[in-house]
Amino acid sequence: MNSPATFEPGRGRYAWERHLLEVCDLYLVGGTVREILRGAGVDSVDEDYLASGIEYDDIVSRLERFGSVNLVGKSFGVIKFTPPSRPTVDVSLPRTEFSTGVGHRDFSVRFDPRLPVEKDLERRDFTVNSMALHLGTGILVDPLGGRGDLEKRLLRVNREDSFLEDPLRILRGVQLMARLDFAVEEKTRADMRRDGALLESVSAERVRDELNKLLELAAKPSRGFVFMHEEGILTYILPELDATFGEEQNEFHPDDVFMHSLKSCDRARPELHLRWSALLHDIGKKEMKRVVDGRTVFYRHEEASARDADAILERLRYPRELRKKVVTLIAHHMFNITTDWSDAAVRRFIVRAGRENLDDLLALREADGLSRGDDAVIAQNAALRARFEHVLASDAAFKINDLAIGGAEIMQALGIGEGPEVGRILQKLFEAVLENPEENTREKLILLVSRLKEKK
């Protein structure tokens with residue numbers, strides 16, 4: 001574990017740091033210090049600063065000499081500062097805060113330049129996030145033993161009422177535990193279990209943001225979801241997933257739906273839409289489970305899973321674009337293109353699934369297969385990718401806008417005005433070109449339009 005003495009006492013790395021060190025105590029704080037002590041280079045971590053012993057207006061005027069200042073966090077004693085050619089950082093004054101109001105959406109905050117730094121650290125969530133590193137002296141301020149917990153790879157909450165103040169800290173602890181591969185201290189685990197129901201009072205947007213970190217930043221998000229299930233927390237966050245625990249499958253799946261979903265999520269690339277798709281791709285199996293001729297089946301579970309996934313992501317306030325992509329991937333994840341398929345059939349599948357989704361569909365298919373021990377999926381995917389590339393190289397039309405003619409030429413050829421008939425004809429032309437890409441020339445399509453006119 002790196003020593004904070006790697007900093008040169010009395011020297012900041014940047015001109016604005018050196019200037020502030022002349023007039024106040026300037027610290028790196030929170031997760032920044034945690035990551036430095038874990039071995040991350042100081043230039044590779046997000047930087048959060050704490051400035052003590054200086055008035056808010058004074059520090060604002062000084063920072064304005066060195067870059068752009070945004071006072072959006074003024075009521076919290078926070079300054080968004082953007083130095084030249086550097087990312088924006090938070091520079092805060094020491095403060096106390098606690099959650100207020102319905103849904104833990106509001107917080108009572110009091111910042112005070114004279115408040116001891118230790119008091120600011122004590123109001124934070126976990127001990128490993130409650131350290132400060134003085135940029136002038138290189139001294140580590142660690143009132144709660146965070147460095148010791150870091151060395152023991154232990155997540156410990158700062159105080160017993162922390163989750164009562166802000167229940168979202170339970171989820172923050174879960175994603176930190178999974179990301180850092182830490183154990184959770186037993187009293188902290190008990191407090192999470194005791195206060196888990198309070199998560200229902202937290203806004204969907206705040207819950208979503210913590211789930212994003214779990215899904216995108218943890219090598220194995222399953223650690224977080226298993227923990228939440230074991231401690232009775234998951235039912236307040238994703239009850240649909242929690243309900244799949246113990247739901248046995250058939251001979252193709254060694255795990256129940258719950259563990260299969262988590263293993264698939266772990267196998268997926270750490271991209272939000274892929275991780276959500278893998279996590280929820282079988283969420284509808286519990287509903288669609290049937291026994292036919294003595295065998296367990298889940299016919300059309302992909303449709304139920306896509307519908308349920310859309311409802312879950314809407315509840316968590318995800319944007320429409322991400323929801324649409326996840327729903328599309330889940331709805332088509334059971335695809336199986338064989339050598340018997342014609343190129344026209346493959347083209348129709350590409351149109352249904354979306355050309356832009358093919359790579360993600362293969363990735364989801366691989367995560368699904370590998371999670372149940374089906375290593376053959378890798379070779380199968382290679383063959384599917386080659387088939388897609390062959391069909392895509394044929395200069396075919398994969399959307400109506402790819403047609404060699406448009407609505408204006410149809411109206412001119414038929415002597416009609418704008419209306420639904422033009423759309424219907426375009427769709428017929430598109431279907432003809434899907435079947436036979438050679439038809440996609442201006443001359444052939446105009447001829448086809450004329451034939452359609454004669455049939456009327």
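The values are calculated or read from the model by the stated rules, or taken from the named source; none is laboratory data. No experiment lies behind these values; they were computed from the predicted model shown. Here Cβ is always computed from backbone atoms with ideal geometry, including for glycine, and neighbour counts include all displayed protein chains. With ligands, DNA and RNA removed, areas are computed over all heavy atoms of the protein, side chains included. Shrake-Rupley method; radii C 1.70, N 1.55, O 1.52, S 1.80 Å.
Quick test of your reading of the structure: Glu366 fulfils all but one of (1) acidic (Asp, Glu); (2) under 30 Å from Lys220 (Cα atoms); (3) exposed (fewer than 15 other Cβ atoms within 10 Å of the Cβ). Name the failing condition by number.
(3)
For the stretch 44-62, enumerate the residues that are out of contact with any Cys (no Cβ under 8 Å at 6 or more places or on another chain) and either charged (D, E, K, R) or closer than 19 Å to Gly30 by Cβ (or both).
From the stretch 44-62, those out of contact with any Cys (no Cβ under 8 Å at 6 or more places or on another chain) are 44-50, 55-58, 60-62; that's our starting set.
Scanning the stretch 44-62 gives Ser44, Val45, Asp46, Glu47, Asp48, Tyr49, Leu50, Glu55, Asp57, Asp58, Arg62.
Which of (1) in contact with a Leu (Cβ under 7 Å, 6 or more places away or on another chain); (2) part of a loop (DSSP other than H, G, I, E, B) does Asp46 not meet, given it meets every other one?
(1)
Return the residues of the stretch 207-226 that are in contact with an Asp or Glu (Cβ under 9 Å, 6 or more places away or on another chain) and not hydrophobic (A, V, I, L, M, F, W, C); say none if nothing qualifies.
Glu216, Lys220, Pro221, Ser222, Arg223
Within the stretch 391-434, which residues are in a helix (DSSP H, G or I), in contact (Cβ under 8 Å) with a residue 24 or more places away in the chain and under 30 Å from His333 (Cα atoms)?
Val391, Leu392, Ile400, Asp402, Leu426, Gln427, Lys428, Leu429, Phe430, Val433, Leu434
State yes or no: is Ser108 at positive phi and at pLDDT below 90?
In short, no.
Out of the residues in the stretch 433-447 that are hydrophobic (A, V, I, L, M, F, W, C) and open to solvent by 30 Å² or more (accessible area, probe 1.4 Å), state the one that is farthest from Ala404 (Cα to Cα).
The qualifying residue farthest from Ala404 (Cα to Cα) is Leu447.
I need every pair where a residue in the stretch 67-83 that is closer than 12 Å to Asp57 by Cβ has its Cβ under 7 Å from the Cβ of a residue that is among the hydroxyl-bearing types (Ser, Thr, Tyr) and in a strand (DSSP E or B), sequence separation at least 6 or different chains.
Here the result reads Gly77/Ser92, each pair linking the stretch 67-83 to a residue that is among the hydroxyl-bearing types (Ser, Thr, Tyr) and in a strand (DSSP E or B).
Within the stretch 207-262, how many residues are free of Cβ contacts under 8 Å to residues at least 60 places away in the same chain and of a type in the set (A, V, I, L, M)? Talk me through it step by step, then tell me what you get.
Let us first name the residues in the stretch 207-262 that are free of Cβ contacts under 8 Å to residues at least 60 places away in the same chain, namely 209-210, 213-214, 216-232, 234-236, 239, 241-251, 256-259, 261-262.
From what's left, of a type in the set (A, V, I, L, M): 214, 217-219, 226, 228, 234, 241, 243, 257, 259, 262.
Looking only at that region, the number is 12.
In the stretch 255-277, what residues are farther than 18 Å from Ile378 by Cβ, assigned to a helix (DSSP H, G or I), in contact with a Ser or Thr (Cβ under 9 Å, 6 or more places away or on another chain) and open to solvent by 10 Å² or more (accessible area, probe 1.4 Å)?
Met259
For the stretch 171-211, what are the residues that are in contact with a helix residue (DSSP H, G or I) (Cβ under 6 Å, 6 or more places away or on another chain) and within 16 Å of Ser222 (Cα to Cα)?
Leu171, Arg172, Val174, Gln175, Ala178, Arg179, Val184, Glu210
Conditions (1) modelled with pLDDT under 95; (2) of a type in the set (D, E, K, R); (3) over 29 Å from the mean Cα position of the chain (by Cα); (4) surrounded by 15 or more Cβ atoms within 10 Å (Cβ to Cβ), marked per residue:
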| residue | (1), (2), (3), (4) |
| --- | --- |
| Phe126 | no, no, no, yes |
| Asn129 | no, no, no, yes |
| Leu135 | yes, no, yes, yes |
| Gly148 | no, no, yes, no |
| Glu151 | no, yes, no, no |
| Leu154 | no, no, no, yes |
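When only residues in the stretch 329-346 that are β-branched (Val, Ile, Thr) and closer than 22 Å to Val297 by Cα count, which is surrounded by the most Cβ atoms within 10 Å (Cβ to Cβ)?
Ile330
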